[in-house]
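Input: a single structure, listed below in structure tokens.
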Amino acid sequence: KRYSTETYDLYYRKNGQRPRILAKNVHPLLFVDEFSREIVFARYWVNTQKQRRLGLYMTTPEGPMRCLVNEAGSFKPLGKKFGRVFYTSIKSGITRVMSVDPEFKNSTRVEFAFPPSVHPLDLALDKACRDLFYVFETPDFKKRLAVVSMRNDDRPIEPRQIFISNGDIRALTYADDR
């Protein structure tokens, strides 16, 4: 009730106990690692110029919250693989898939950058964090679902369209290996 935009507080409740707050001012898109029980989420903060920014944070139900990335525009965690957390970053109008190693400071790197002409509406990574699925809109207002490989081989990166819709395609989530 105290927020004017789409932000939430993140709570944890165990076995019917009272809910305990883990973080405030949380963006609704988050990622939960089933094995380590780590929760990766974007959180709003205000910088010294009184500008509202999104940064990437991590916590567990038992542990303290820590900041992974405080760069503006880092907001949607996509997955975790090879000890790195993959997330979306939009900066200067360019959408990138970035990754960060939670154990080391200043370990961010660009995994994939869309050309300036492509503005994806939503993104999802497969379980291996190798194939990137995204939705984009064409000039005829059709929504298209495409997949592009993020593998680090020297072949040119060519997106492959796999679905076209006249309606909306929303909230991409990678469900399983198929």
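Summary table below
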read-out: Pair list, Cβ under 6 Å, 6 or more apart: the stretch 132-146 residue free of Cβ contacts under 8 Å to residues at least 24 places away in the same chain, other residue assigned to a loop (DSSP other than H, G, I, E, B) and open to solvent by 40 Å² or more (accessible area, probe 1.4 Å); value: Ala146/Pro159
read-out: Filtered residues of the stretch 10-67 (kept if of a type in the set (A, V, I, L, M) and loosely packed, with under 12 Cβ neighbours inside 10 Å); value: Ile21, Val46
read-out: Among residues of the stretch 133-166, those that are at pLDDT 85 or above and either among the small types (Gly, Ala, Ser) or under 16 Å from Ile94 (Cα atoms) (or both), counted; value: 6
read-out: Pick from the stretch 111-147, criterion assigned to a strand (DSSP E or B) and more than 17 Å from the chain's Cα centre (by Cα), ranking: surrounded by the fewest Cβ atoms within 10 Å (Cβ to Cβ); value: Glu137
read-out: Strands (runs of 3 or more DSSP E) wholly inside the stretch 1-54 containing at least 2 residues that are at pLDDT below 90, among the aromatic types (Phe, Trp, Tyr) and in contact with a strand residue (DSSP E or B) (Cβ under 8 Å, 6 or more places away or on another chain); value: 39-46
read-out: Meets criteria (within 20 Å of Phe31 (Cα to Cα) and part of a loop (DSSP other than H, G, I, E, B)) for Ser107; value: yes
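The values are calculated or read from the model by the stated rules, or taken from the named source; none is laboratory data. Predicted model, so just to flag it, every value in this text is computed and none were measured. So basically every Cβ, Gly included, is an ideal-geometry build from the backbone, and we count neighbours across all protein chains shown. Accessible surface is based on the protein model in full, side chains and every heavy atom, while ligands, DNA and RNA are left aside. Shrake-Rupley method; radii C 1.70, N 1.55, O 1.52, S 1.80 Å.
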